[in-house]
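Each value in this text was obtained by applying a stated rule to the coordinates, not by laboratory testing. Just so you know, these numbers come straight off a predicted model, no measurement behind them.
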Amino acid sequence: MIIKKFVGKTEEEAVEAAKKELGEGIVIMNVRQVKPKGLLAAFKSKQVEVTVALEDEREPARPVRREPEHQAEPKAVSGAVSGAQESPDKDSVSSQSSIEKKLDSLQTLLESQLKQSESTDKGDRTFEERENGEEGDKPGADKSPEQEKDDEQEKFIRLLYNTMIENEVAEKYANQILEDVDKNRKPNTPFDYILANIYQKIILKFGKSEGIQPADKGPRVVFFIGPTGVGKTTTIAKLASIFAVEEKKRTVLLTADTYRIAAAEQLRTYAQILEVPFRVIYSLEEFQTAAEAFKDYDYIFVDTAGHSHQNEEQLEQMKSYLEVLGDKVQTQVFLVLSATTKYKDLLKIADNYKEISDYQLIFTKLDETTTLGNLLNLKLHADTPIAYITYGQNVPNDIEKFNPQKTVKQLLGGKA
Ligand SMILES: Nc1nc2c(ncn2[C@@H]2O[C@H](COP(=O)(O)OP(=O)(O)OP(=O)(O)O)[C@@H](O)[C@H]2O)c(=O)[nH]1
Ligand SMILES: [Mg+2]
């Protein structure tokens with residue numbers, strides 16, 4: 001993995017510089033404002049420093065312990081870091097509050113990791129070499145300082161593991177993340193380095209998210225699909241407000257939800273407030289006519305009826321809507337999921353909708369849960385990015401583009 005810092009007048013400028021050097025595959029680890037240094041500092045404007053990482057393609061893939069698919073709710077003990085129940089020593093470096101503090105100063109953490117990898121590159125022995133060397137533990141001997149350090153580290157990793165499980169990260173994913181770190185640590189590896197390493201691994205697992213993108217030609221038709229009551233219509237109103245009002249893009253709202261009069265009225269009201277056109281579509285033909293009528297628009301947002309993902313007939317009907325416009329029209333599909341839904345149900349929903357279309361994810365109702373593990377679980381299970389998260393009923397405020405940095409801090413025990 002390559003980690004590097006880039007500075008610019010704005011975040012966008014720093015990210016652009018990073019992309020120029022490292023390519024499009026970069027993932028942003030951290031963003032912070034930096035004060036200019038030097039004599040004339042007071043006259044210089046503030047700058048933004050972005051730390052980015054790039055997964056090194058040459059890194060050999062590590063074997064990952066296979067776990068059965070669709071496993072039950074996450075359990076509290078792992079194979080990779082067994083005995084994970086032990087409660088941490090209050091004064092130990094590995095206490096929860098110390099992790100919180102460390103996560104607060106994430107930049108320092110990432111910097112310490114940078115330094116550590118530099119010293120490793122200068123010829124430190126690997127974990128495996130040390131294991132095969134002579135410094136190993138002799139059976140029966142008192143604990144060497146090295147062994148003590150090793151125990152402390154293990155405790156620290158176990159604590160992080162427990163925190164992830166408490167946040168309902170599925171056991172198999174928590175294991176995948178920590179197994180690697182556990183294997184590669186050395187007794188002199190600082191805690192900061194371990195924590196930064198885990199933080200980065202999870203950020204990279206979340207990957208990049210795209211969100212709604214303008215079409216190359218014609219309007220972008222954006223479908224919002226998902227179970228009943230997750231917040232599809234509310235989310236459309238929030239996004240329409242961003243695109244129509246803030247970005248001044250020509251936006252139109254359509255609804256194919258003709259099951260309930262109230263559902264169409266809900267979107268009609270939002271359309272009136274936002275002063276954008278609105279249409280109810282009752283058939284595939286009406287949908288095609290509407291797409292043609294609004295072909296000069298930038299975005300066509302399509303609301304759909306929430307239904308049970310188990311209902312195959314309704315899924316088939318949805319599929320025909322997703323496909324009827326053909327290849328000439330550029331579409332994007334977002335599966336809207338509530339962060340309050342049970343892990344097992346989310347897996348089923350994600351699988352069933354995968355049968356009708358590819359999609360990106362939107363997670364709603366983050367304000368109604370304190371555990372965010374399902375965001376990571378579903379990202380990895382469905383192998384698709386999370387584009388947006390919503391955290392309240394207020395239109396248009398309670399939505400943002402998904403930013404993995406905050407979520408990962410929380411998954412590791414940082415403050416919300
Ligand atoms: N707390 C919270 N409530 C939300 C959020 N998003 C939507 N809601 C609420 O969830 C309820 C259902 O929202 P809708 O937008 O109607 O959901 P829907 O998916 O369109 O529902 P159907 O059309 O019936 O399938 C409403 O009361 C919304 O205000 C959120 O992020 N947080
Ligand atoms: Mg709705």
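What's the long-distance tail for the range 332-416, i.e. % of Cα pairs beyond 16 Å?
50
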For the range 193-349, which semi-axes, largest first and in whole Å, follow from the square roots of 5 times the eigenvalues of its Cα gyration tensor?
28, 20, 16
Evaluated at 4 °C with a viscosity of 1.567 mPa s, what Stokes-Einstein diffusion coefficient in µm²/s does the range 191-278 have when Rh comes from the Kirkwood expression over alpha-carbon pairs?
83
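So for the range 220-403: antiparallel DSSP bridges make up what percent, rounded to the nearest 5?
Details: 3 of 30 bridges.
Among the beta bridges of the range 220-403, antiparallel pairing accounts for roughly 10 percent.
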